[in-house]
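Asks: Below you'll find the structure I mean.
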Amino acid sequence: MKKIHVMGPGCPKCTETFKIVEAAIAESGVEASLEKVTDFTEIAKFGVFTTPAVAVDGTVKIMGKVPKKADVVAWLTA
């Protein structure tokens, strides 16, 4: 099972990112746990200093912008 973290304080772009990741998980059919990380101390542990950010299995895939759903599906199925 993939472990996905969506990081950000809850701004509109962070909320949009969370929804895109949710949709990508549903579309890909991959088993994944999805967690929203809003605590800046926790976010910094990933080495992320610009949000929104997405990590898959502990590896940061994007930060500072909203991902495209197709990109998220590719990360999940890789």
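The values are calculated or read from the model by the stated rules, or taken from the named source; none is laboratory data. Just so we're clear, the structure is a prediction, and the values are computed from it rather than from any experiment. Cβ: placed from backbone, ideal geometry, glycine included. Neighbour counts: every protein chain shown. Accessible surface areas use protein heavy atoms only, side chains included; no ligands, DNA or RNA. Shrake-Rupley method; radii C 1.70, N 1.55, O 1.52, S 1.80 Å.
Asks: Leaving out ligands and nucleic acids, and using a 1.4 Å probe, what accessible area per residue does the chain come to in Å²?
Replies: On a per-residue basis, 56 Å².
Asks: Still on this structure: Note down the relative contact order for the chain as a percent, whole number, built from C-alpha pairs under 8 angstrom at least six residues apart.
Replies: 41 percent
Asks: Angle between the Cα long axis of helix 12-28 and the longest principal axis of the chain, 0 to 90 degrees, nearest 10?
Replies: Between the helix axis and the principal axis of the chain, the angle is about 20 degrees.
Asks: Express in Å², to the nearest 10, the accessible area of Lys13 obtained by rolling a 1.4 Å probe over the protein heavy atoms while all chains stay in place.
Replies: Counting only protein heavy atoms, Lys13 exposes about 120 Å² to solvent.
Asks: What is the sum of charges around Asp71, taking Lys and Arg as +1, Asp and Glu as -1, for the other residues whose C-beta is under 12 Å from the C-beta of Asp71?
Replies: +4
Asks: Taking the Cα centre of the chain as origin, work out the dipole magnitude from +1 charges on Lys and Arg Cβ and -1 charges on Asp and Glu Cβ, in debye rounded to 20. Let's see the in-between values first.
Replies: Details: 10 positive and 9 negative charges, 41 e Å.
With only Lys, Arg, Asp and Glu charged at Cβ, the dipole is about 200 debye.
Asks: Restricting the count to DSSP beta bridges whose residues both fall in the chain, what percent are antiparallel, rounded to a multiple of 5? Each step should come with its number before you reach the end.
Replies: Numbers: 8 of 14 bridges.
Approximately 55 percent, going by the DSSP bridge assignments.
Asks: Which residues in region 1-37 place their backbone N less than 18 Å from a point set 7 Å from the Cα of Ala44 along the Cα-to-Cβ direction?
Replies: What the label zone holds, given the 18 Å backbone N cut-off, is 7-10, 37.
Asks: Using a Debye calculation, one point per C-alpha and no hydration shell, please list log10 I(q)/I(0) for the chain at q = 0.19, 0.24 Å⁻¹ in order.
Replies: -0.67, -1.09
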